[in-house]
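Undergrad: Below is the structure I would like to discuss, written out as structure tokens.
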Amino acid sequence: MTRWLAALLAGAVFGAGLALSRMTDPNIVLGFLDVAGDFDPRLAFVLAGAVVTTLIAFRLVLRRGRPWLADRFRLPLARTIDPPLVVGALLFGVGWGLAGYCPGPALVGAAAGVDSALIFVAAMLAGSLLQGMTSRGRAT
Amino acid sequence: MNFGSALAGGVLIGLAAAALLLFNGRIAGISGIVNGLATKDRDELGWRIAFLLGLAGGGVLVMKLTGQASASPASLPVLLLAGLLVGFGTRLGSGCTSGHGVCGLGRLSLRSLVAVIAFMAAAILTVYVIRHVPGATA
């Protein structure tokens, strides 16, 4: 129960950060990606603020042997740069550039009742399920 | 333009990711959290739903307070295609802007750096084609 409350709080701060930084506005996201046109540099500050914070804070947190409310840290174990990583990231990038939504801001926009975000999230969940089904067919 | 709120929002995102790692030992990657919802493990499901409810609540609250209601300029077919690509791609590539960008770069993960370069390049190129190549529209 405490674990769920902690996750709820972390999620709320994360969502507040997305909206405060205007990541939730696809037009601003697309303006940032439009380097050859009317470039809007704001999102560089979002990414810089977030990454500098995690660079420092993750180091401090991981210095501890274990998390406060769980038995161990669950970090990604994969190390190899393989085709799924690169192809997946490229496909994601094309989708991000087409709509101006990545998963977090799209979920917030959908929760706020923005039509384009609701449509995008429905398709995003379908895309994820589709990938899950195709990968289950292969030995991994 | 307000760079201060962009920077402050970024710091909040970073602090939230650090809090989830400190409390729950988990990486705050939104696509990963969503994809992990397909589980029968009650505790595993619980923290994911709680995080996503918090994300929606905190995000919607600040959107309302700052008077945001902007929609994507993309048309319906393009929105559907974009959503499919983002859902499929983030699962295949094991992460999105938050998992690879905010958390992966914070952990100095080479895999995440490669992913970030790939998705940023693809996104920039896509916007370039839509906005600056004659005849292409979204």
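Undergrad: Run the simple label-point estimate for residue B:38 and residue A:52 please: 7 Å along Cα→C-beta, distance reported in nm.
TA: Going by the 7 Å Cα→Cβ label model, 4.0 nm.
Undergrad: Next up: Hey, what D do you get for chain A in µm²/s if you plug the Kirkwood alpha-carbon radius into Stokes-Einstein at 25 °C and 0.890 mPa s?
TA: Answer, rounded: 138 µm²/s.
Undergrad: Arranged from highest to lowest average of other beta-carbon atoms within 10 Å per residue, in what order do the peptides A:39-45, B:47-53 appear?
TA: B:47-53, A:39-45
Undergrad: Follow-up. Over chain B, what relative contact order in percent results from Cα pairs under 8 Å that are six or more residues apart?
TA: Reported relative contact order: 28 percent.
Undergrad: From the mean inverse distance of alpha carbon pairs (Kirkwood) and the Cα radius of gyration, derive Rg over Rh for the range A:79-140.
TA: Dividing the radius of gyration by the Kirkwood radius yields 1.05.
Undergrad: What would the Debye formula give as log10 I(q)/I(0) at q = 0.16 Å⁻¹ for the alpha-carbon point model of the protein assembly as shown, no solvent?
TA: -1.24
Undergrad: To continue, here is another question. From a point 7 Å beyond the Cα of residue A:75 in the direction of its Cβ, which residues of the range B:37-68 have a backbone N at a distance under 17 Å?
TA: none
Undergrad: Next question. Along the positive direction of the dipole of the protein assembly as shown (beta-carbon charges: Lys, Arg +1; Asp, Glu -1; about the Cα centre), which of A:128, A:44, B:127 reaches farthest?
TA: About the Cα centre, the residue reaching furthest to the positive side is A:128.
Undergrad: To continue, here is another question. Principal axis extents for chain B, Cα atoms only, whole Å, descending order, please.
TA: Ordered largest first, chain B gives principal extents of 51, 36, 30 Å.
Undergrad: Just want the ordering: B:126, A:54, from fewest to most Cβ atoms lying within 10 Å of their own Cβ.
TA: Final ranking by Cβ density, sparse to dense: B:126, A:54.
Undergrad: Here's another thing I want to ask about it. Please compute, over every Cα-Cα pair in the range A:1-75, the percentage with a separation greater than 15 angstrom.
TA: Of all Cα-Cα distances in the range A:1-75, 68 percent exceed 15 Å.
Read-outs: derived from the displayed coordinates by stated rules, not from any lab. Just so it is clear, the model here is predicted, and its values are computed rather than measured. Note that we place each Cβ from the backbone using ideal geometry, even for glycine, and neighbour counts take in every protein chain shown.
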